[in-house]
Every structure is written in C-alpha cells, then in structure tokens.
Amino acid sequence: MEPRVLIISNTAIKRSNSNGLCLLNVLSAIPVSNIASFYIQASFPDKGVVSSSFRLTDAEKLHSYFNGKSIGTIITDDSFSQPQDQDIQHGSGKESFFRHLLREEVWQHGKWDRKHFYDWISEFKPTVILFMNGRSPFMFDITRQISEKFNIPVVIFSSEDEYWHQPKVGNLWDALLRKKLRKATLRLNKRVAHVVTFNDKLKNLYETEFHLPVTTIMPSSDAKAVAKVNLSGNLFYGGNLKPYRFESLEAISQALIQIQSPRKIDVYSNDIDEKIRNRLSSLPNVIVHEAVPRSDLESLRDQAFLLIHFESFSKKARPLIQNAFSSKIADCFASGIPFFVYAPKCCGFSSYFSAHSNALCFVSLPQELAAALQKVLTDTSYCQTLVSNALSLAKENHAIPANAARMKSILEEARL
C-alpha cells in the first residue's frame, strides 16, 4: 500500500528552500495526493507539491498566549495564487537563545484549539509522519502527540546534530534550551521507527546514541551536466558565508593572487552582512553579486569554469560543521563542471570526499591550497577525469529515482 505521509517541519515545502527541495526529491516516488504538511513559518508552499498543508505561525501562537486560543489555517493550491513569497531565503541576524526560550514557552503553553487540526489529519489519514527535526523542543512534542493520538510511526529525516551540541559557555538560556531539546528527543524516540540522515557520520551518531534503525540517503540532484565547460568562466560559489566561511573565501582569493591567476570568484550569497561585505570589498578578485532565487542559480552556475565550496577552519565553527553535509554538493557533482573544496578534515563530508578523491579536488590543509588551485585551473586532463568520476558518483549516490525509491520503502515499512 502506498504510504500516506504527513510532513512536520518548520518551513513550508518549497523548492527554493534547501530542506524543502531535499524533501521533494526523496518523496518524488510518492503521489502528491498522498503527502500533506504541517509547518509554522509565515509563508506558503509551492503549488503542486503537497495535497494540503496546515499552518500555525509563531504570531498566532503569541496572540493566543495573551488573548485567547489559536486555531491554524488549512492551505491548498486554491488558497493562494503564486508568487506569494519572495523566492530568496535571507540569513537571520544575531542568534538569541533567550528569544528561542521565550518562543518555546509560547508554543508549549499558548492555547491551541486542536479540533480543526486533528479533523484535518483525520481526513488525510496519514500512515506515517516524516519529521524534519531541528532545535525546537516543541516541534518534537507536537510530532510525538500526533503519533500517539493517531497511532502512527515517526520517521525522522535529519541533517541536524543539535542534540549533541554543547551549550555555549556561560549562556544559561542555551543550557536550558539544550536540556529541553534532549528531553523532548528522548520522549519522541519511543515513537520513532526509522531515522534517515544526510551522511554516514550523522548516521553513526544516531545509531550509537539511540540504537534506532538508521539509513543514509544523501542529498539528490536533478542537475543537468553542461555540454562543455566554459573555459573563459570564473570560479563560482553559491551559498552562505556564515559561520566564518568568508575567512576561507579570503584564503582562496589570496591563493589565486599568489599563483597569478586572472580568474575571478563570482559569489552569490543570501547572508552577507555589512561586516562580511567590508571584508570582501578589499579582495580584487571576488565579485559579490546580489542574492538571486535558487531557481536562477543553476544557469549562473553553468557559466563557471570551476565550482567551489569551502568551510571555516575556525575552532568556533567546528561544532557547527563537524556533521554537516551541504545539499548543493550533489548539484556540483552532477553539473559536469570541475569541483573544488577547501575545508578542514573535521567536516561532515570530509571522509566522503576523501573516499572519492578522484571526483573532486579536496584540500584540507592551508599550505596545499595554492598548489591545488594551480593544478585544477591549468591541468585539463586532470579536470576531465574529475568530471567523469563526479558524474559517475552522482549517478551512484545522488540520483533522485534511486534515493526516492529507498525513502518510499522506508516509509512503507515503518511500524511502531
């Protein structure tokens, strides 16, 4: 029997959102009529991606905390005409753990008349919950409560390692939030039938800590390989510059100057603040472009001579990147353009890249950066070999049909 999947996530299901795109890719073997979503972001999903959605926002919950009760809204394709939201996801400002804690209080104790919500779930008749976990304990509790009421299993789809993060030193609010998150995680785990992670490093964490069935399904890509690499193109980066990533971009810029390369670096990022912009403005070979919708990045990426990704070598960034695996890596392997990565060995993707070093140029030591750039920018035969192996790797591990079939099987077989 086809699974009927209730997605629970913070954000609306959208192709412009990296988590939303990953979800849509792995659920592509399941009919849209068998997918519904509950989310809390004040936005709308893409049309044609779910049968219906139920939205209850922070603002509604805050209002109910002081002035009554919240109900929520059912959203279908007929509820709105696109585009409703700007298709550019902007980075957030400085993080406030106190604000996170206040939000938790509002969601846990604000009044919510759930009859409308539960009637919507009853009408959809889900057979399994697919939970995109994060750092909000109340989302774990909502997921558990739905699982208990409707007696359906939970499958966690995770790119997060928030459970293992240590509180920031001296930050009481962060410590309280982490304690709540760990308790909520353990409560939910009693309803979890399976965990799906983005990489094997995260998989090992879940298996060791929770002793749950865990499967790695890496990010998938439907990117089409370019017919020919643009020999006059620049280096291309499309992604965030936090946390501290811009420091590695500076190092790449300086290495290009050192080897006297005339090529520039085109940067498309949605989280450039004034501090980062000022730092990058002094780099003569870095061109910072305005943020563009994700749908426009592919055509811009296809004009590049070399795709680059980088992570910070700062000790402060290590807890944030040690289990991370960027969703755009799959697109880079499938692009038909040479792929260059500069990142420390502690990154979540490092072992994967090291195991497939014939598919990309991966540099983890600063003293090797300039020489590696020189080789990848001048050795045509080397680059052709990288591209050929990258395309094979994309087909083997990042193809949508195969990964979607694996996810469908997990959802079909999920049992309490």
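Side notes on the structure shown:
- Of the residues TYR237, TYR65, the one with the largest accessible area comes first in the ranking TYR65, TYR237, computed with a 1.4 Å probe on protein heavy atoms.
- When each of LYS203/LYS315; LYS47/LYS125; LYS14/LYS408; LYS228/LYS275 is checked by Cα-Cα distance, pairs over 30 Å: LYS228/LYS275
- Based on alpha-carbon atoms, the Kirkwood radius and the radius of gyration of the stretch 257-416 give Rg/Rh equal to 0.99.
- Only DSSP H runs of four or more residues enter the estimate; each adds -39500 (n - 2.57), and after division by the residues of the chain the mean residue ellipticity at 222 nm equals -12500 deg cm²/dmol.
- Here the scattering of the stretch 308-354 is modelled by Debye summation over its C-alpha atoms, one equal scatterer each and no solvent; at q = 0.13, 0.16, 0.18, 0.34 Å⁻¹ the log10 of I(q)/I(0) is -0.28, -0.42, -0.53, -1.39.
- Taken along its principal axes, the alpha carbon cloud of the stretch 359-416 reaches lengths of 53, 24, 9 Å, longest axis first.
- With respect to the chain, whose longest principal axis is taken over its alpha-carbon atoms, helix 200-210 is tilted by about 30°.
- Mean separation of Cα contacts under 8 Å (6+ apart) over length of the stretch 83-222, as relative contact order %: 21
- Residue-count net charge about SER364 - beta-carbon cut-off 11 Å; Lys, Arg +1, Asp, Glu -1: -1
- Mean Cβ neighbour count within 10 Å, used as a protection proxy, ranking 404-410, 151-157 highest first: 151-157, 404-410
- Residue ranking by accessible heavy-atom surface, 1.4 Å probe, largest first, among HIS211, HIS100 comes out as HIS211, HIS100.
- Applying the Kirkwood pairwise sum to the alpha-carbon positions of the stretch 219-309 produces a hydrodynamic radius of 13.9 angstrom.
- Of all DSSP beta bridges confined to the chain, the antiparallel ones make up roughly 5%.
- Placing +1 on the Cβ of every Lys and Arg and -1 on the Cβ of every Asp and Glu, with no other charges, gives the chain a dipole of roughly 1000 debye about its Cα centre.
- Rg followed by Dmax, in Å, when the stretch 129-168 is reduced to its Cα trace: 11.4, 38
- Heavy atoms of PHE198: accessible area, 1.4 Å probe, square angstrom to 10: 10
- Rounded tilt (10° steps) of 97-109 against the dominant C-alpha axis of the chain: 30
- Descending semi-axes in whole angstrom, ellipsoid equivalent of the chain, from the Cα gyration tensor: 38, 24, 21
- Taking all protein chains together and a 1.4 Å probe, the residues LEU297, LEU177 rank LEU297, LEU177 from largest to smallest accessible area.
- Binned Cα-Cα distances of the stretch 61-208, short to long, each 10 Å bin given as a whole percent: 9, 30, 38, 21, 2
- In degrees, nearest ten, helix 380-397 long axis to first principal axis of the chain (Cα): 20
- With q set to 0.13, 0.17, 0.18, 0.21 Å⁻¹, the log10 of I(q)/I(0) for the stretch 128-253, from the Debye formula over equal scatterers at the Cα positions, is -0.72, -0.98, -1.04, -1.22.
- Sorting 4-13, 355-364 by their mean Cβ neighbour count within 10 Å, with the most densely packed peptide first, gives 4-13, 355-364.
- Cα-only Debye scattering, the stretch 117-201: base-10 log of I(q)/I(0) at q = 0.12, 0.19, 0.26 Å⁻¹: -0.40, -0.86, -1.28
The values are calculated or read from the model by the stated rules, or taken from the named source; none is laboratory data. No experiment lies behind these values; they were computed from the predicted model shown. For neighbour counting, all protein chains shown are included, and Cβ atoms are generated from backbone atoms with ideal geometry for every residue, glycine included. Heads up: the accessible areas ignore ligands, DNA and RNA and are worked out on the full protein's heavy atoms, side chains in. Shrake-Rupley method; radii C 1.70, N 1.55, O 1.52, S 1.80 Å.
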